[in-house]
1. How far is it, in nm, from the label point at residue 60 to the one at residue 124 when both lie 7 Å from their Cα along the line to the Cβ?
2. Taking the Cα atoms of segment 52-167 alone, what are Rg (to one decimal) and Dmax (as a whole number) in Å?
3. Starting from the alpha-carbon convex hull of segment 106-167, give the projected area averaged over all orientations, in nm².
4. Taking only protein heavy atoms and a 1.4 Å probe, what accessible area per residue, in Å², does segment 85-167 have with all protein chains in place?
5. Taking one equal scatterer on every alpha-carbon of segment 63-125, how large is log10 of I(q)/I(0) by Debye at q = 0.15, 0.19 1/Å?
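The values are calculated or read from the model by the stated rules, or taken from the named source; none is laboratory data. What you see is a predicted model, and the numbers here were worked out from it, not measured in a lab. Cβ: placed from backbone, ideal geometry, glycine included. Neighbour counts: every protein chain shown. These area figures cover heavy atoms from the full protein model, side chains too; ligands, DNA and RNA do not enter into them. Shrake-Rupley method; radii C 1.70, N 1.55, O 1.52, S 1.80 Å.
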Amino acid sequence: MSASTLLHAPLSRSFASTAGCRVLRSLQVRHTASSSTQYVPGGPIYKGTVNDPTTFPPPSKMHGSHHWSFERLLAASLVPMTAAAFVTSGSSYPVLDGIFGVSLVMHSHIGFDSMLVDYLHPRKFPFLGNFMTWTLRTMTLGVLVGVYQFNTNDIGLTELIAKVWKA
């Protein structure tokens with residue numbers, strides 16, 4: 001007799017289901033007798049791992065609003081500063097050069113920092129997240145020094161923009 005015929009026989013199905021139920025019941029009795037913890041629906045909860053709850057700061061209506069407002073104000077102020085760079089020359093308005101240079105660098109820093117916070121946060125990437133954050137801070141400082149040198153010892157950002165626009 002072939003295996004498929006044996007499986008399709010009504011007697012073998014009832015025998016398999018009764019035998020299977022007995023085996024499952026005996027396993028369940030053994031499991032409950034040997035287990036000292038209670039079953040938790042959805043799986044076990046382990047202490048000391050990623051299942052631990054995160055501590056949250058106390059709620060505050062103003063927590064992130066200052067950062068958000070500063071970022072939006074900085075981004076919106078870049079539009080008139082760029083237009084002013086086309087209208088004026090850098091040698092006439094060195095303060096505009098300085099403000100424009102710092103604003104561009106800070107705008108870029110905030111954007112890259114947001115990317116690092118979202119994708120390379122230190123909880124998931126303990127070494128790489130901190131390393132990239134400090135790399136960003138170091139590079140931002142280096143760019144600020146470079147912009148300062150360019151504005152004081154060379155033609156400045158607004159004059160550069162005007163020359164590139166005319167070229």
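1. 2.6
2. Cα only, segment 52-167: 18.1, 60 Å (Rg, Dmax).
3. 5.1
4. On a per-residue basis, segment 85-167 sits at 69 Å².
5. So the normalised log intensities are -0.58, -0.77.
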